[in-house]
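The values are calculated or read from the model by the stated rules, or taken from the named source; none is laboratory data. Just so we're clear, the structure is a prediction, and the values are computed from it rather than from any experiment. We place every Cβ from the backbone using ideal geometry, glycine too, and count neighbours over all the protein chains shown.
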Amino acid sequence: MNRIRAIGLGAAMLAMAPAGLAVAAMPTPPEAAAPKDDGQWRMPAKNYAATRFSHLDEINTDTVKNLHADFTFSLATKAGAEAAPIVANGTMYVVTPYPNYVYALDLTKPGAPLKWEFIPKPAPASQGVACCDVVNRGVAFDDGKIFFNTLDDHTFALDAATGKMLWNAKVGDISTGESLTMAPLVVKGKVLVGNSGGEFGVRGWLTALDENTGKIAWRAYSTGPDKDVLIGSDFHPFYPQDRGKDLGVATWPPGAWKIGGGTVWGWIAYDPDLNLIYYGTGNPGPWNQEQRPGDNLWTTTIFARDPDTGAAKWAYQMNPHDEHDYDGVNEIVLVDMPVNGKMRKVLMHPDRNSYLYVIDRITGELISADAYGPLNALNGVDMKTGRPIVNPAKTTKVGAVVHDICPTASGGKDWQPSAFSPQTGLLYIPHENMCMDWEDVQTNYIEGTPYVGANVVMKPGPGGNRGEVTAWDPETRKPVWQIKEDLPVWSGALATAGGLVFYGTLDGWFKAVDAKTGKLEWQFKTGSGIVGQPIAFKSPDGHEKVAVLSGVGGWAGAIVSGNLNPQDPTGALGMVGVTKDLKQRTTAGGMLYVFSLPH
Amino acid sequence: MFSRFLTSRRRAALTAAICAMLFAIGTSETLRAQGTNVALAPRGQPSAETTLFPGGGAMPPPNPVAWKYDGNAHAIAAGKRLYDWYNCVGCHFHGAGGIGPSLADDVWIYGGRIDQIYDTIARGRPNGMPSWQGKLPENEIWEIAAYVRSLSAPEATHGGSGETPPQPSPPPTELPSPQAMPQTVTGLDK
């Protein structure tokens, strides 16, 4: 079922809406992946289509001015609070950054008292293998259970009612540089978990664990021979360069694929109709590209896989032989939309490389790639081959500092997820506007230590503002509005049927803007910078509430959460150079904020 | 490219061999020093990481080997190269910190005396600092420690709000001056 709208609705918000009757099908998430909203929020992305859209509209452009803090809850942690609060059956679940406490709050009682807490006690040494603050991006609820990962490579299942541990599976090894920061996704009784450690010479993988036992059902590596990557007879990539035997070995120097990255620390989407999961793999390692000639498959690649077996159906590599740390792990949002007059099942993926990719999610064919952020590292994408056109002037090398490469290693955007509103048909992208200087240096692989080989210094992008929120129209392939933020926007976005988009800033403002125009409608200053993922839910009292974690950190906020020294701009992989002022603008400390209207 | 990696590994092995020879020299000097009435912490005894000593007492004096590295320009230069080689730079960068804490400020979680820094590198620390004991020759650890201390020297921190704890002065002994010590910078012609 497709809604309709007047053509040009988005642009019309800047002028008057045309009275024309021309109508077109609207981009709409597939119903099986975005079922009717029941007011709960069981997974960080809201649904398998990853829309982060709530159909609740009690809090809307008229009423939002009355929004007030309903209750708060201290996380008892100081690192970046990147998780989405999760709501199921009258309870809110929150996982903190390391040491990964899990709190269950009883939403049926005034002040939402603590129902239970779970303390998993991850190995403290795991903090030494987390590249970009000791974050965790959320729990997942399914079938009466809570699933989450700890930094030291364990996946836990808890009884959602009591907090009792059901199982604990060790899926990786910190001594090899592996860690876990991503939020699991549960699909058809399987808990999908991927590793972090792309800056430690880790070999990336996605693993499916049995929801009831924690036993590994399958593991798909991102590099190596086809049998490890789960590439078999069902694999039909759209582009010829991706066909061939053991490309995950052949596109590397001998043996380098074993320490070549391609970690899976971001987001996974799922289309129940096609029975396919979609996710992107991380950067190749080391960052020094001269140490790994070749396309480095299957790093920075979107995979479509069968969730039952893990078998790959297609793959598309965004950045063959990546030279700038452009991980492909960012969110993938599923919509059906008209392309040249024909409805297509597509996925939208705002990549680290500043391109918004629209890809046919049945075949893996690239439909379009348009820049949503600052970009000079690439000069476009060849639509025949699907390969990016690399700008030779921004190629990195040993023995030279290449200046003003856009975007930064942290990307046009990083992991911070977009929201899609089926009401407006727009994708709301929280992102960065930054560039960088980069020098490759020779680096040694020593297991369990960083494997990077680059000195990077980041700086503000064109215009001087370091962050942006862009409302993107996937049909016209253009932004409808853009908000400039002084600091990089490192929070997720939330869109609601109240015509609002919520996001937070690195200095702690939680904002609601008009989804059609970007006009600021409401804001609240929280206790610390916001790098979390806002959600909306229907409280047991029947009213809509909005929740977000405050607590600066993550890569962008590391200077504060890690108390880094601003005098060395190369700190935190170059992020210190562009966030020197952040210590003067916010302090560390995690806190949950929940907002509601007076009633 | 992997061959380059192997080459650097071989080079590291060579360095280690040469350093082992130098280490033997260093040991004999330590023994000489012990003959000069200096109260010495036995070799390998860890420094204290507190200023609280129940019933009285004070920080044990640093191993006299420390004095030949602390502030020694050659040791600092060698330490800087080793700091890059062994990927210290990947966590602490050029002093700002990132994965690990800043080394260019006046905050020292486990002590800022060179022997305390030595212990931190050698023994590791619980919140993510790996232990390099048995992986690196002792003189290389001292050199890295010398470089780490230099990152927070007043001129490096631009006279920040506090100060890095000064290294205690060597007691009056006949210890050779750092300049007279054998060069420890070898095999680092990267």
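Scan region A:525-569 residue by residue and report those that are part of a strand (DSSP E or B) and either within 14 Å of chain B (Cβ to nearest Cβ) or more than 23 Å from A:Ala45 (Cα to Cα) (or both).
First, the residues of region A:525-569 that are part of a strand (DSSP E or B): A:525, A:535-538, A:544-550.
Once the filter is applied, which keeps residues that are part of a strand (DSSP E or B) and either within 14 Å of chain B (Cβ to nearest Cβ) or more than 23 Å from A:Ala45 (Cα to Cα) (or both), region A:525-569 yields only A:Lys525.
How many residues does region A:101-145 contain that are of a type in the set (S, T, N, Q) and either more than 14 Å from every other protein chain (Cβ to nearest Cβ) or on the phi > 0 side of the Ramachandran plot (or both)?
So in region A:101-145, the residues of a type in the set (S, T, N, Q) come out as A:108, A:126-127, A:136.
Next, from what is left, pick out any that are either more than 14 Å from every other protein chain (Cβ to nearest Cβ) or on the phi > 0 side of the Ramachandran plot (or both): A:108, A:136.
The number of residues fulfilling the criteria is 2.
Can you tell me which residue within region B:82-105, out of those that are among the small types (Gly, Ala, Ser) and farther than 15 Å from A:Pro569 by Cβ, is nearest to the other protein chains (Cβ to nearest Cβ)?
B:Gly90
Could you name every one of the strands (runs of 3 or more DSSP E) located completely within region A:402-487 that has at least 2 residues being under 30 Å from B:Lys135 (Cβ atoms)?
Once the strands (runs of 3 or more DSSP E) in region A:402-487 are filtered for at least 2 residues that are under 30 Å from B:Lys135 (Cβ atoms), what remains is A:434-440, A:454-460.
Conditions (1) touching a Cys at 6+ places or on another chain (Cβ under 8 Å); (2) closer than 21 Å to A:Met575 by Cα; (3) modelled with pLDDT of 95 or more, marked per residue:
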{"position": "A:Ile405", "(1), (2), (3)": "yes, yes, yes"}
{"position": "A:Ser410", "(1), (2), (3)": "no, yes, yes"}
{"position": "A:Gln416", "(1), (2), (3)": "no, yes, yes"}
{"position": "A:Gln423", "(1), (2), (3)": "no, no, yes"}
{"position": "A:Tyr428", "(1), (2), (3)": "no, no, yes"}
{"position": "A:His431", "(1), (2), (3)": "no, yes, yes"}
{"position": "A:Met434", "(1), (2), (3)": "yes, yes, yes"}
{"position": "A:Trp438", "(1), (2), (3)": "no, yes, yes"}
{"position": "A:Val441", "(1), (2), (3)": "no, yes, yes"}
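Hey, any hits in region A:232-242 for a residue that's surrounded by fewer than 23 Cβ atoms within 10 Å (Cβ to Cβ), assigned to a loop (DSSP other than H, G, I, E, B) and of a type in the set (Asp, Glu)?
Yes, there is a match, as at least one residue in region A:232-242 is surrounded by fewer than 23 Cβ atoms within 10 Å (Cβ to Cβ), assigned to a loop (DSSP other than H, G, I, E, B) and of a type in the set (Asp, Glu).
Tally time: how many residues in region A:546-570 are at negative phi and either over 23 Å from the mean Cα position of the chain (by Cα) or among the β-branched types (Val, Ile, Thr) (or both)?
12
Could you list all residues from region A:60-85 that are in a strand (DSSP E or B) and surrounded by fewer than 24 Cβ atoms within 10 Å (Cβ to Cβ)?
Selection gives A:His68, A:Ala69, A:Asp70, A:Phe71, A:Thr72, A:Phe73, A:Ser74.
Filter region A:292-318 for residues that are crowded, with 24+ Cβ neighbours inside 10 Å, charged (D, E, K, R) and not in a strand (DSSP E or B) and give the result.
Passing the criteria: only A:Arg292.
Could you please give the count of residues in region B:130-160 that are at pLDDT below 95, of a type in the set (A, V, I, L, M, F, W, C) and part of a loop (DSSP other than H, G, I, E, B)?
Final tally of qualifying residues: 2.
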